[in-house]
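Below you'll find the structure, written out as structure tokens, and then a few comments.
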Amino acid sequence: MQNIQNFIAGQWISGDGPGQPLMHAITGEQFATVSSKGLDFQGMFDFARDKGNKSLRKMTFQERALMLKALALYLMDRKEKYYEVSYKTGATRVDSWVDIEGGIGNLFANASLRRKLPNQPFCIDGEYAPLSKEGSFIGQHILVPKLGVALHINAFNFPVWGMLEKVAVNLLAGMPAIVKPAAITSYLTEVVFRDIIESGLLPAGALQLVTGSAHNLIDFVNEQDVVTFTGSADTGRLLKRHENIIEHAVPFNMEADSLNCCILGSDAVFGTPEFDLFIKEVKREVTTKAGQKCTAIRRIIVPENMVEDVSYHLTEALSQVMIGDTKHKNVRMGALVGKGQVEEVKGKVVQLLKDSELVYGLDELILVGDNTQNGSFMGPVLLRATNTEADSRVHDIEAFGPVSTIIGYKDIDHAIELANRGKGSLVSSIVTYDDAIATQYTLGAAPYHGRIMVLNRDCAKESTGHGSPMPLLTHGGPGRAGGGEEMGGLRGIKHYMQRCAVQGSPTTLTEITQVYQPGGKYKDPGKHPFRLHFEELTVGDTLITHKRTITETDIINFANVSWDHFYAHTDITSLDGTIFTERVAHGYFVLSAAAGLFVDPGKGPVLLNYGLEECRFLKPVYAGMTIGVKLTVKEKIDQEKKTDDDIAKGIVKYYVDIYDELDEKVAVATILTMVKKIDN
């Protein structure tokens, strides 16, 4: 009998006692036990803070991101053994793909964020704030890794994705984690976790694992820790009220199961591509993972005059789904995770039937496969609401399985009202080819939903579907859904970092942030900065150029070359009533003229101009005015070599300050250059 272990302070440890039995969802046979009884939870937190946190905090974003990328590649090479273990959860190959490769995909996606982050252990957050008249006192927000531990309490339905989508973010932010999967499917989490540890890619203490019961884990968190929870709303609310969470004001990110809904637009009648897409999408969400998804469609909201059509076609679609042993090539729906889950879901159906009627399901199952007699199977159940008012159970009770209820609506405002009666959900979707309907629904339903997907024939081929949250978008929702956010690209890392407002002189804040702050003192690089390699440049290095007087001929010639004949540049008889007093130079000519002043023409370390950011034209430039440029190294972003033959390089951002003969700014911009390193 297999014993699922915990990973504590660098050691694999079994809990005390006989442990909780773990059953094969397809065959019903016990194959393992799991226990976390007797573990030193305080020691876990101490180890994470003393070892993992200190190591991760010293790493830069680039180093952490490349660590995630390497880990993703390592796990992807070993994915097939995860599929074999996932079979025990009752999942089909497609179900497991979402969990396993979807989870690994989170590592890749978060690793890609390194292109937007500095080669520093911290980053700035937003633009600087001028706090004084003369500009000698400013403020800037920075984000630094917290000094604690991320405690992840995950649900049973995605034992791989649930772990990886969270740890990818906290590791990128520079914070260690203790992972607590649901015991019932912890055996799959453990297999992946063992490979993570065996890879040797993470520093000691970066990740620890508790596979058995959580016991009193939350008793050990403090004000520098972060707790994330995924699971039932009732359990989440109970944990959120824990006295230790309240006493230490511990950030608690909650992602709870919710009554997600899918709306059929009134234009999407039978015979349209959208109607077919709707039936296909609902069928997929009812049957994928046997309905055990926090994002699954629980309420099917359709026009009242289409309830019969939808009922008929959904019944037909669901009746064709083959259920049973997921290793059989024709099976498209597997088992629930355990018999206890089956009984719980059926109990919720009984409650739902008090405000609805049965359309399809609850019949004796015909299962595919010879070893399914003792499995945890339940067929799809389709209900139709007989009561849709605010007090209806269809807006309050969630059966966490293959169960969904059809609800009729009168008009789009009524559909919005019904969708919002779920009191907050992770996701809603609407299937329509009418953009006016899509707009009205989105703006009306957005306050109650964390994500809204609009599906139609134009995006169907590449759509990731109603139930698939994306790593670079937030995953969470208001109200019943928990009020939290996960993932979300750069937004996600902020949950594990402390935002601190730093005030001081521009020069001091430049040194602290390693991003040039306007008004800071200039540094003399000793030669033209375009003659210096990436490593030789320092934030604050500045070139002050010679000057150039703009002429009318310059303006007319640029109009002819660019074909930009806007009246203010070419027709001085049309200036009455405008903000211009005479012929004005094109903004892009001013920028081009500035480039002519600061560019060093000879071949050197600068490989190319990589882009332009934050360009602003602040003051009209007329013929006869003289401009100069102060070109300052604003920020440096390292880049890794993609191949051995690749040129070693980094991105240098320059702050371009264009000023006139009165020393007043006429334009500012940030240009990006790709610069070679010395070591190639």
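All of the numbers you see were taken from the coordinates with simple rules; none came from a lab. Here the structure is a predicted model, which means the values were calculated and not measured. Note that we place each Cβ from the backbone using ideal geometry, even for glycine, and neighbour counts take in every protein chain shown.
Its alpha carbons considered, segment 1-49 gives a radius of gyration followed by a Dmax of 13.2, 42 Å. Remark: relative contact order (the chain) = 13 percent; criterion is Cα-Cα distance under 8 angstrom and separation of 6 or more residues.
For the chain, the dipole from Cβ point charges (+1 on Lys and Arg, -1 on Asp and Glu) about the Cα centre works out to 1520 debye, to the nearest 20.
In this structure, the pairs whose alpha-carbon distance is over 25 Å, taken from Lys527/Lys636; Lys293/Lys461; Lys461/Lys641; Lys69/Lys677, are Lys461/Lys641.
Bridgeable aspartates and glutamates around Lys116 (alpha carbons under 14 Å apart, same-chain partners fewer than 8 residues away excluded): Glu63, Asp125, Glu613, Glu635, Asp638, Glu640. Dividing the Cα radius of gyration of segment 571-629 by its Kirkwood radius returns 1.09 for Rg/Rh.
Compute log10 of I(q)/I(0) for segment 515-676 with the Debye formula, placing one identical point scatterer on every Cα and leaving out solvent, at q = 0.08, 0.12, 0.19 Å⁻¹, to two decimals. Scattering profile of segment 515-676, log10 relative to I(0): -0.28, -0.58, -1.15.
Grab the eigenvalues of the alpha-carbon gyration tensor for segment 1-115, scale each by 5, take roots, and send me the semi-axes largest first in whole angstrom.
Numbers: eigenvalues 174, 122, 15 Å².
Computed over segment 1-115, the values are 30, 25, 9 Å.
For Ala667, the residues whose amide H sits under 5 Å from its own are Leu618, Ile658, ignoring neighbours fewer than 5 places away on the same chain, with H placed 1.01 Å from N. For segment 307-312, 3J(HN,Hα) computed residue by residue from phi via the Karplus equation (6.51, -1.76, 1.60; θ = phi - 60°) reads 4, 5, 4, 5, 4, 5 Hz, glycine and proline entered as x. For Tyr409, the amide hydrogen comes within under 5 Å of the amide hydrogens of Val302, Glu304, counting only partners 5 or more places away or on other chains and with H modelled in the peptide plane. Under a 5 Å amide H cut-off, with hydrogens placed 1.01 Å from N, Asp125 pairs with His141, Ile142, Leu143 among residues at least 5 apart or on other chains.
Pairs of Cα atoms under 8 Å, at least six residues apart: use those to get the relative contact order of segment 72-142, whole percent. Can you show the working numbers first?
Values: 44 pairs, mean separation 15.6, N = 71.
Answer for segment 72-142 is 22 percent.
Just so you know, the Cα atoms of segment 152-193 work out to an Rg and Dmax of 9.9, 30 Å.
Relative to the longest principal axis of the Cα atoms of the chain, the long axis of helix 273-287 makes an angle of roughly 60 degrees.
If you add up the charges near Lys51, with Lys and Arg at +1 and Asp and Glu at -1, over every other residue whose beta carbon is less than 15 angstrom from its beta carbon, what do you get? List each step's numbers first, then the result.
Details: positive: Arg49, Lys54, Arg57, Lys58; negative: Asp40, Asp46, Asp50.
With Lys, Arg at +1 and Asp, Glu at -1, the neighbours total +1.
For volume of the Cα convex hull per residue in Å³, the choices are (1) 171; (2) 139; (3) 203; which was calculated from the structure? Evaluating volume of the Cα convex hull per residue in Å³ on these atoms matches (3). Rounded to whole numbers, the Karplus 3J(HN,Hα) couplings from phi for segment 512-525 are 5, 8, 6, 10, 4, 9, x, x, x, 5, 8, 10, 8, x Hz, using 6.51 cos²θ - 1.76 cosθ + 1.60 with θ = phi - 60°, and x at Gly and Pro. Projecting the alpha carbon convex hull of segment 261-476 along each direction and taking the average yields 11.7 nm². Expressed as a fraction of 2.2 N^0.38 Å, the C-alpha radius of gyration for segment 605-680 is 1.41. Close Lys pairs in segment 317-430 (alpha-carbon distance under 30 Å; sequence gap of 8 or more, or different chains): 15.
The long axis of helix 587-598 is offset from the longest Cα principal axis of the chain by roughly 70 degrees. Rg and Dmax, both from the Cα atoms of segment 436-545 and both in Å, are 23.1, 62. For segment 244-257, the Karplus equation 6.51 cos²θ - 1.76 cosθ + 1.60, evaluated at θ = phi - 60°, returns couplings of 6, 4, 6, 4, 9, 6, 6, x, 10, 9, 10, 10, 10, 4 Hz by residue, with Gly and Pro reported as x.
Taking the inverse of the average 1/r across all pairs of different Cα atoms in segment 100-176, what Kirkwood radius in Å do you get? Could you put the intermediate results ahead of the total?
Numbers: mean 1/r = 0.0670 Å⁻¹.
Here the Kirkwood hydrodynamic radius works out to 14.9 Å.
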